[in-house]
Amino acid sequence: MRLGALEAGGTKMVCAIGDETGKIFEQISFPTKTPEDTVPAMIEYFQKADVEALGIGCFGPIDPDKKSKTYGYITSTPKLAWADYDMAGAFERALGIPVGFDTDVNGSVLGEVTFGQAKGKSCVIYITIGTGVGAGIYIEGRLLHGMLHPEAGHVMVNRREDDKYEGKCPYHKACLEGMAAGPALEARWGEKAVNLKDRKEVWDLEAYYIAQALTGYILTLSPEMIILGGGVMHQEQLFPLIRNYVKEMLNGYIKTEELKDMEHYIVPASLNDDQGIMGALELGRRALVG
Ligand code: ADP
Ligand code: ZN
């Protein structure tokens, strides 16, 4: 199968050609400008590559409900040029091939479950902590949509007493994204996140907020594995801190084999940052085979 994959992000659009085994033959990225600028270039790329189907993992919010009139649209995004844009439809019409469409983070969790460390598991959460915080949820063997799609990056967290930062989310101020995404970190500490590596207090507080959200997801969804990706998680010292806080917050309440082995339960992404684009290949394959 010759498949196209598109990981559509707020700053860049990563396009790749690959196959159903997750192999990527070639890849290119375009800066995210307006649909009029960016989409024709991508269409041309996929046309030349002669792909049989395309999968799109897209920044949101999006409409992934196949029964909806606005299925395939990017909906109320703050990136106004893309608001109410028929993303899947634009590719479907121009290329005349099946197009799979889901959130970027659902794409990532699908990549990990199909090709990565979560292969064979049926309940897995992928969380990205970068410019924003988002979560893709694979549950009982399916990507979770529900009434829209999960927006688990915006769950509320309890402020730690010594933290005076008000929070950056325009909707909730001190939700997880407002307290722990890259821009919140940088606003709180007045420094680029990469330059904060040696400041222990920065990562301790960061882990404290992330762990609160993970504890909530564990209690609600009972995942078999939690995968953390995104720019901020390149700070690998966060992992042991997060695992310890989660253990502390659960306080022995849940007793499973998974939680006894935290190092294999709360883990970094396993596909060299290709989980999103590989997941998009699988979205394309699924669109083709139905
Ligand atoms: P996006 O979320 O836009 O797709 P990223 O996941 O790369 O992109 O996230 C970008 C954010 O991650 C930036 O706001 C920056 O603060 C943070 N970031 C990027 N690289 C690092 C790093 N090595 N260490 C800590 N934070 C980082
Ligand atoms: Zn929020």
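The values are calculated or read from the model by the stated rules, or taken from the named source; none is laboratory data. Nothing here was measured: the structure is a model prediction, and the numbers come from that model. Virtual Cβ from ideal backbone geometry, glycine too; neighbours counted across all protein chains shown. SASA here: full protein model, heavy atoms, side chains in, ligands and nucleic acids out. Shrake-Rupley method; radii C 1.70, N 1.55, O 1.52, S 1.80 Å.
At least 3 residues that are in contact with a strand residue (DSSP E or B) (Cβ under 9 Å, 6 or more places away or on another chain) and either surrounded by 21 or more Cβ atoms within 10 Å (Cβ to Cβ) or basic (Lys, Arg) (or both) in each: list the helices (runs of 4 or more DSSP H) lying fully within the range 90-189 that qualify.
Correct list: 104-115, 176-180.
Within the range 202-219, can one find any residue that is of a type outside the set (A, V, I, L, M, F, W, C) and more than 30 Å from Cys58 (Cβ to Cβ)?
yes
Which residue, of Asp50, Asp19, Asp65, is in contact (Cβ under 8 Å) with a residue 12 or more places away in the chain and within 23 Å of Gly146 (Cβ to Cβ)?
Asp65
Would you please name the residue that is least open to solvent (accessible area, probe 1.4 Å), looking only at residues in the range 1-51 that are of a type in the set (Phe, Trp, Tyr) and not in a strand (DSSP E or B)?
Result: Phe46.
Collect the residues in the range 141-176 that are over 30 Å from Gly120 (Cα atoms), within 9 Å of ligand 2 (Cβ to nearest atom) and of a type outside the set (Gly, Ala, Ser), keeping them in residue-number order.
Hits for the range 141-176 are Met156, Lys168, Cys169, Pro170, Tyr171, His172, Lys173, Cys175.
For the range 197-206, how many residues are open to solvent by less than 30 Å² (accessible area, probe 1.4 Å) and either within 13 Å of ligand 1 (Cβ to nearest atom) or within 14 Å of Ile125 (Cα to Cα) (or both)?
3
Inspect all residues belonging to the range 216-239 and state whether any of them is more than 16 Å from ligand 1 (Cβ to nearest atom), open to solvent by 40 Å² or more (accessible area, probe 1.4 Å), under 17 Å from Val109 (Cα atoms) and touching a helix residue (DSSP H, G or I) at 6+ places or on another chain (Cβ under 8 Å).
Checked the range 216-239: at least one residue is more than 16 Å from ligand 1 (Cβ to nearest atom), open to solvent by 40 Å² or more (accessible area, probe 1.4 Å), under 17 Å from Val109 (Cα atoms) and touching a helix residue (DSSP H, G or I) at 6+ places or on another chain (Cβ under 8 Å).
Just checking, how many residues over the range 1-35 are within 11 Å of ligand 1 (Cβ to nearest atom), more than 14 Å from Gly111 (Cα to Cα) and charged (D, E, K, R)?
1
If you check Val133, Val155, which single one turns out to be away from ligand 1 (no atom under 13 Å from the Cβ), of a type in the set (Val, Ile, Thr) and under 30 Å from Tyr71 (Cβ atoms)?
Exactly one residue qualifies, and that residue is Val155.
Taking the condition within 15 Å of ligand 1 (Cβ to nearest atom), open to solvent by less than 10 Å² (accessible area, probe 1.4 Å) and of a type in the set (Val, Ile, Thr), does Ile266 pass?
When the stated conditions are applied, Ile266 does not pass them.
Scanning for something at pLDDT 95 or above, closer than 30 Å to Cys15 by Cα and not acidic (Asp, Glu), does the range 245-262 turn up at least one residue?
No: the range 245-262 contains no residue that is at pLDDT 95 or above, closer than 30 Å to Cys15 by Cα and not acidic (Asp, Glu).
Counting just the residues of the range 22-41 that are of a type in the set (A, V, I, L, M) and free of Cβ contacts under 8 Å to residues at least 40 places away in the same chain, which one comes out farthest from Gly276 (Cα to Cα)?
Ala41
Would you check if Tyr209 is within 16 Å of ligand 2 (Cβ to nearest atom) and not in a helix (DSSP H, G or I)?
No, not satisfied.
Pairs needed: first member in the range 170-196, more than 7 Å from ligand 1 (Cβ to nearest atom); second member anywhere, among the acidic types (Asp, Glu) and open to solvent by less than 50 Å² (accessible area, probe 1.4 Å); C-beta distance under 8 Å; at least 6 residues apart or different chains.
Met179/Asp163; Ala180/Glu206; Ala184/Glu177; Arg188/Asp163
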